[in-house]
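Student: Structure incoming, see below.
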Amino acid sequence: LLGRANLRRLEAEAIRDALLAVSGKINLALGGVPSPVAANGEGKAVLGGDKNRRSAFVAVERRLPLNMLETFDQPVMAPNCNHRRQTTVATQALWFLNDAEVLDHADTLARSLMKESDFSSVRLGRLYLLLFSKPPTPSELQDCEEYLASQREQFAKADPKADAEHRALASLCQVMLASNRFLYVD
């Protein structure tokens with residue numbers, strides 16, 4: 001039966017927790033006070049307190065839903081939720097391209113990979129193991145190397161003072177985090 005199971009996207013909370021886990025930021029402490037949701041200066045819902053707690057410990061505010069969870073179909077709790085809808089819409093891909101939270105996770109992940117090794121192939125192998133739990137194939141490794149070379153060149157042209165190597169790797173991390181392979185259970 002599992003061989004015939006349909007492809008299924010992770011729930012909103014699982015996606016958020018996976019982002020925290022692969023970037024090494026997740027706080028696995030159990031119990032305690034939930035992380036409150038508040039509006040920032042722009043009116044966007046943001047987490048206060050410990051922002052790295054698992055999603056099970058994020059306070060739910062009906063009037064102020066957390067953007068990431070709402071984008072990926074957080075259950076509607078008015079008055080109660082007996083079925084969770086699951087959509088695939090453009091705003092989900094745009095969230096991965098534009099949200100500061102994703103950029104921060106990608107940047108943190110790239111920094112940790114760069115600390116582990118000076119060799120690109122070792123970094124990419126570790127990235128694949130973290131995100132997909134399997135090593136890259138030779139063609140995937142080659143594609144990633146080509147992408148990194150192209151990005152390094154573009155970042156170096158745009159700002160010669162910036163760390164083009166880090167920015168290229170962070171860009172690749174962001175792309176990989178947004179991939180269906182990371183977001184879907186097969």
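Student: Using the beta-carbon distance between residue 143 and residue 33 and R0 = 30 Å, what value does 1/(1 + (r/R0)^6) give for FRET efficiency, to the nearest 0.05? Could you put the intermediate results ahead of the total?
Tutor: On the way: r = 45 Å, r/R0 = 1.50.
After rounding, the FRET efficiency stands at 0.10.
Student: Tell me the net charge near residue 97. Cut-off is 15 Å between Cβ atoms, residue 97 excluded, with +1 for each Lys or Arg and -1 for each Asp or Glu.
Tutor: For residues surrounding residue 97, the net value is -4.
Student: Along the charge dipole of the chain, which of 10, 112, 155 sits closest to the positive end, that is, farthest toward it, with unit charges on the beta carbon of Lys, Arg, Asp and Glu (+1, +1, -1, -1)?
Tutor: Ranked along the dipole, the leading option is 10.
Student: While we're on this one: If each DSSP helix of 4+ residues adds -39,500 (n - 2.57) and the sum is divided by the residues in the chain, what number results at 222 nm, nearest 500 deg cm²/dmol? Write out the running numbers ahead of the final one.
Tutor: On the way: 8 runs with 94 residues, N = 186.
Roughly -15500 deg cm²/dmol at 222 nm, from the helical runs in the chain.
Student: Magnitude of the Cβ-charge dipole of the chain, K/R +1 and D/E -1, about the Cα centre, nearest 20 debye?
Tutor: 540 debye
Student: Write down the accessible area per residue of the chain in Å², having rolled a 1.4 Å probe over the full set of protein chains.
Tutor: 59 Å²
Student: With +1 on the Cβ of every Lys and Arg and -1 on the Cβ of every Asp and Glu, and nothing else charged, how large is the dipole of the range 103-186 about its Cα centre, in debye rounded to the nearest 20?
Tutor: 140 debye
Student: Accessible area of residue 28, 1.4 Å probe, to the nearest 10 Å²?
Tutor: Residue 28 has an accessible surface of roughly 120 Å² with all protein chains in place.
Student: Using just the C-alpha positions of the range 1-146 as equal point scatterers, what log10 of I(q)/I(0) does the Debye formula give at each q in 0.18 1/Å?
Tutor: Each listed q maps to, in turn, -1.22.
Student: Let me ask you something else. Report, ordered by chain and residue number, the aspartates and glutamates lying within cross-link reach of residue 134, taken as a straight Cα distance under 16 Å and ignoring same-chain residues fewer than 8 apart.
Tutor: Answer for residue 134, where 16 Å is the Cα cut-off: 186, listed by chain and number.
Student: Along each of the three principal axes of the Cα atoms of the range 140-186, give the extent in whole Å, ordering the values from largest to smallest.
Tutor: That gives 42, 18, 12 Å along the principal axes, largest extent first.
Student: Moving to a separate point now. Say we join alpha carbon atoms closer than 10 Å with springs in a Gaussian network model of the chain; which of 150, 55, 120 then has the biggest fluctuation?
Tutor: 150
Student: For 119, 57, write out the residues from largest to smallest accessible area, computed with a 1.4 angstrom probe and no ligands counted.
Tutor: Ranked list, largest accessible area first: 119, 57.
The values are calculated or read from the model by the stated rules, or taken from the named source; none is laboratory data. Given the structure is predicted, the values throughout are model-derived calculations rather than measurements. Here Cβ is always computed from backbone atoms with ideal geometry, including for glycine, and neighbour counts include all displayed protein chains. Each accessible area value is taken on the protein alone, full model and side chains, heavy atoms only, with ligands, DNA and RNA left out. Shrake-Rupley method; radii C 1.70, N 1.55, O 1.52, S 1.80 Å.
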